[in-house]
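Computed from the coordinates by the stated procedures, all read-outs in this text should not be read as laboratory data. Small disclaimer: the values here were computed from a predicted structure and weren't measured. Every residue, glycine as well, gets a Cβ built from its backbone with ideal geometry; the counts of neighbours run over all protein chains shown.
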Amino acid sequence: MKTTRVLFSFFLFFAGIMLCNAQFPVSIKQILDPGKGGLSEKDAAAGIREALVKGTGASVAIVSKLDGYLGNQEIKIPFPPEAKEIESKLRAIGLGSQVDEVVVSLNRAAEDAAKSAEPVFVAAIKGMSISEAINIVKGNNDAATRYLEKTTSPELKVKFNPIIKTSLDKVDATRLWTELITKYNQIPFVKKQNPDLADYVTDKTITGLFVMVAKEEAKIRKDPAARVTELLKKVFGN
């Protein structure tokens, strides 16, 4: 029993969940060989899935709280880059505070929408095959994040877009944006513009979410204090 637990610990260790740049003295084949005290493929995949669920759950919790986006300069959503001319002209005519208000509302919408990401991640993780789990074992330090990005991004965009639209209305971003664009389009000689705000915020929300998933993956690998489940504590206890 103890041997199985130790081997299970080392399997997670190499699944891209624990530490990076480590060397393991036995092969993956041995780890997955129940006849030699290793794990069944079913148990090994279940262990990876559980660790990934915990890591993505923590990431979603971070970004979906108040200031999860707005207070993090790495993922904060700025005024749309394609609307930089709009921003500069509005600031030049004394509407800087209203521009800032729009930026706050965009990030509030992202924080609100990010709450819905966890079920999408969980579904993708539960659907992971053993071969995909082994690819994570063999992959780079962000292999789990890249796997989730590849398998969930299209669904996240479809799921997020209507939520973002609702969130933009809820946090008053739609009204603020419409007022600003209306004022901009009234400036003489400017080319009238109105970028798709929902698409922009949706894409930035997803990008920021995966930045944080990658950070959480790296944290779990390197920092014992980040291993918050009993399973992860037992792994490092061994």
Tell me the label-point distance for the pair GLU50, THR182, using the 7 Å Cα-to-Cβ offset, in nm and rounded to one decimal. 5.6 nm
Each residue of the stretch 144-152 in order: what ³J(HN,Hα) in whole Hz does its phi give by Karplus 6.51 cos²θ - 1.76 cosθ + 1.60, θ = phi - 60°, with x for Gly and Pro? 5, 4, 5, 4, 5, 4, 5, 8, 10
By the scheme Lys and Arg +1, Asp and Glu -1, what is the net charge of all other residues having a beta-carbon under 11 Å from that of VAL102? -3
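Using Cβ contacts closer than 10 Å as the measure, can you line up LYS157, LYS215, LYS191 from fewest to most?
LYS191, LYS157, LYS215
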With labels modelled as points extended 7 Å from the Cα through the Cβ direction, what inter-label distance (nm, one decimal) is found for GLU118 paired with LYS192? 4.5 nm
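From the cross-link list LYS183/LYS204; LYS65/LYS183; LYS157/LYS215, which pairs have alpha carbons spaced over 30 Å apart?
From LYS183/LYS204; LYS65/LYS183; LYS157/LYS215, over 30 Å: LYS65/LYS183.
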If you take the beta carbon distance between ALA61 and GLN98 as r and set R0 to 35 Å, what does 1/(1 + (r/R0)^6) give as a FRET efficiency, to the nearest 0.05? 0.65
